[in-house]
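First up is the structure itself, then whatever we jot down about it.
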Amino acid sequence: MTGEIAQIPLDNKYYPKLLAQIPDPPKKLYCRGNLNLLDSECFAVVGTRKLTSYGKEAAQKITTGLVQSGFTIVSGLAMGIDAVAHQTTLNNGGKTIAVLGGGVDDKSIGPQINFKLAIDILKNHGLIISEYPEGFHANEKTFPQRNRIISGLSRGILVIEADEKSGALITAHCALDQNRDVFAIPGSIFSSKSFGPNELIKRGAKSVTSVQDIIDEYGYNLNIFDKKRNTISTNNPVEKSIIAILEEKGEATMDEMIRESAEETSKTIATISTLEMRGIIKETGNGKYRIA
């Protein structure tokens, strides 16, 4: 068996902080693998088991972008979108957490078709977790319970293809109850697999056509973006001032940068334009600027 099983009760200091905040957190987590991921910035990718080529390609594209942005990818190890999300993360050298509806021991991991994927997750410093003990096998009642953990661990969730009665929609509803961000990939009105995401978007979920739609929602407010700070080299004091403002605030209007930089207005405006042309900062479309 790859990796010992650790038990982390709700009152343990290593218990995930976001998960502890949901209305009904698991009293204990059974964990196998890299426990450091419990304290990482997580994002969930979920969807139908019976995916289309469109869904697979969308999952690969967006998951790759999320991994490159520093997120730990959370999903449920199910066939379809879940498996694609986990595998894409591994292919890109990222970290992933699989949340199971049964025990995390070899004999209980399911579905069996994804057993090798589960072992690959462990071999690549990923994590498998469950609220169910060793030897417990998943059933139709434990999967909805499992879904609240997927969303509870995560800053937000992305739904990629889901039928009207898909378990991915249960995860989305859990996310809403937990005050998590919900994103969805729009799809064809002629595809039953797009019913769920399209319906979520109609009800207020953010439509996603590129990973930037997700990243823009967070700006520089998450710890995963800290590594990008203070890495821009410049000797120009006005440039340093503007970059420092944007690193501190995440986003700022031109007026705010002029006011806070304490430099001449004309010089600040010219420097903002120069930084934008050099691709160091970018306008977000609402009159604000951020680090590119």
Would you mind getting the Kirkwood hydrodynamic radius of segment 5-218 from its Cα pairs, rounded to one decimal in Å? 16.6
Per-residue counts of other Cβ atoms within 10 Å, averaged by peptide: what ranking do you get for 258-270, 150-162, highest first? 150-162, 258-270
Which of the lysines could a cross-linker bridge to Lys50, judged by Cα under 28 Å and excluding same-chain residues fewer than eight apart? Lys61, Lys95, Lys107, Lys116, Lys123, Lys141, Lys165, Lys193, Lys202, Lys206
Angle in degrees between helix 81-91 and the longest Cα principal axis of the chain, rounded to the nearest 10: 60
Euclidean distance between Cα centres, segment 266-287 to segment 28-47, Å: 38
Out of all Cα-Cα pairs in segment 229-291, roughly what percent, to the nearest whole number, are more than 15 Å apart? 41
Ranked from fewest to most other Cβ atoms within 10 Å of their own Cβ, Phe115, Phe183, Phe43 fall in the order Phe115, Phe183, Phe43
Once the Cα atoms of helix 167-177 and of the chain are each reduced to a long axis, what angle between those two axes, in degrees from 0 to 90 to the nearest 10, is obtained? 50
Where both residues lie in the chain, what percent of DSSP beta bridges are antiparallel, nearest 5? 40
Provide the convex hull volume over Cα atoms per residue for segment 59-107, in Å³. 72
About its Cα centre, what dipole magnitude does the chain give when the only charges are +1 on Lys and Arg Cβ and -1 on Asp and Glu Cβ, stated in debye to the nearest 20? 540
Arranged by the count of other C-beta atoms within 10 angstrom, fewest first, what order do Tyr54, Tyr289 take? Tyr54, Tyr289
Quick note on Thr253, Thr271, ordering by fewest other C-beta atoms within 10 Å, gives Thr253, Thr271
How high is the relative contact order of the chain? Use alpha-carbon pairs under 8 Å, at least six apart in sequence, and give a whole percent. 15
Can you give me the angle between helix 142-153 and the longest principal axis of the chain, using Cα atoms only, in degrees from 0 to 90, rounded to the nearest 10? 20
Once you wrap a convex hull around the alpha carbon atoms of segment 18-136, what is its projected area averaged over all directions, in nm²? 7.1
Out of Thr48, Ile215, Pro186 - ranked by how far each Cα lies towards the positive end of the dipole of the chain, with unit charges on the beta-carbon of charged residues - the top one is Thr48
Answer with one residue from Gly102, Pro237, Leu19: the one whose Cα lies farthest towards the positive end of the charge dipole of the chain, charges on Cβ with Lys, Arg +1 and Asp, Glu -1. Gly102
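Quick note: the coordinates plus some simple rules give every number you see, no bench work behind them. Everything quoted here is computed from the prediction, not taken from an experiment. No Cβ is skipped: glycine too gets one built from the backbone with ideal geometry, and neighbour counts run over all protein chains shown.
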